[in-house]
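Enquirer: After the structure tokens below, expect a handful of questions from me.
The values are calculated or read from the model by the stated rules, or taken from the named source; none is laboratory data. Because the structure is a prediction, the values reported are computed rather than measured. Quick reminder, even Gly has a Cβ in these numbers, built from the backbone with ideal geometry, and neighbours come from all protein chains shown.
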Amino acid sequence: MVKSGYNQYAKNYADNRDLFKNQKYLENLANKLSTGAKILDIGCGSGVPIDEFLLEKGFKVTGIDISEEMVKLARENLPGNEYLVKDMAEIVWFLL
């Protein structure tokens, strides 16, 4: 159901997302990471604004999302970066 919803409304969601109320948190994160750090963005959506911010700061980002449409948007928004269709519920146990 989640996947279907995001696939159906991906473009609208991405276009109307609340941009950068997270700015201070992203700046704080960026200041704590090593130059060129690798980041896995689970639930990356369209890649904007968070991955875009992290890439501009020089980090390497791999994004995953359950929605094929969101991954398509991320690949269009941030070409040349790795975006994969994956269900976070299937990989989170591996990260713990």
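Enquirer: I'd like the full set of residues that are of a type outside the set (Val, Ile, Thr), under 17 Å from Asn22 (Cα atoms) and in a strand (DSSP E or B), limited to the range 36-55.
Expert: Correct list: Asp41 only.
Enquirer: For the range 56-75, enumerate the residues that are assigned to a strand (DSSP E or B) and surrounded by fewer than 24 Cβ atoms within 10 Å (Cβ to Cβ).
Expert: Lys60, Val61, Thr62, Ile64
Enquirer: Take the residues in the range 76-96 that are of a type in the set (A, V, I, L, M) and over 14 Å from Ala14 (Cβ atoms), then tell me which one is surrounded by the fewest Cβ atoms within 10 Å (Cβ to Cβ).
Expert: The qualifying residue surrounded by the fewest Cβ atoms within 10 Å (Cβ to Cβ) is Leu96.
Enquirer: To continue, here is another question. Taking the range 16-32, which residues are modelled with pLDDT of 70 or more and in a helix (DSSP H, G or I)?
Expert: If the condition is that a residue be modelled with pLDDT of 70 or more and in a helix (DSSP H, G or I), then Gln23, Lys24, Tyr25, Leu26, Glu27, Asn28, Leu29, Ala30, Asn31, Lys32 are the ones that fit.
Enquirer: Considering only the range 27-55, state which residues are within 9 Å of the chain's Cα centre (by Cα) and on the phi > 0 side of the Ramachandran plot.
Expert: Within the range 27-55, Gly43, Gly45, Gly47 qualify.
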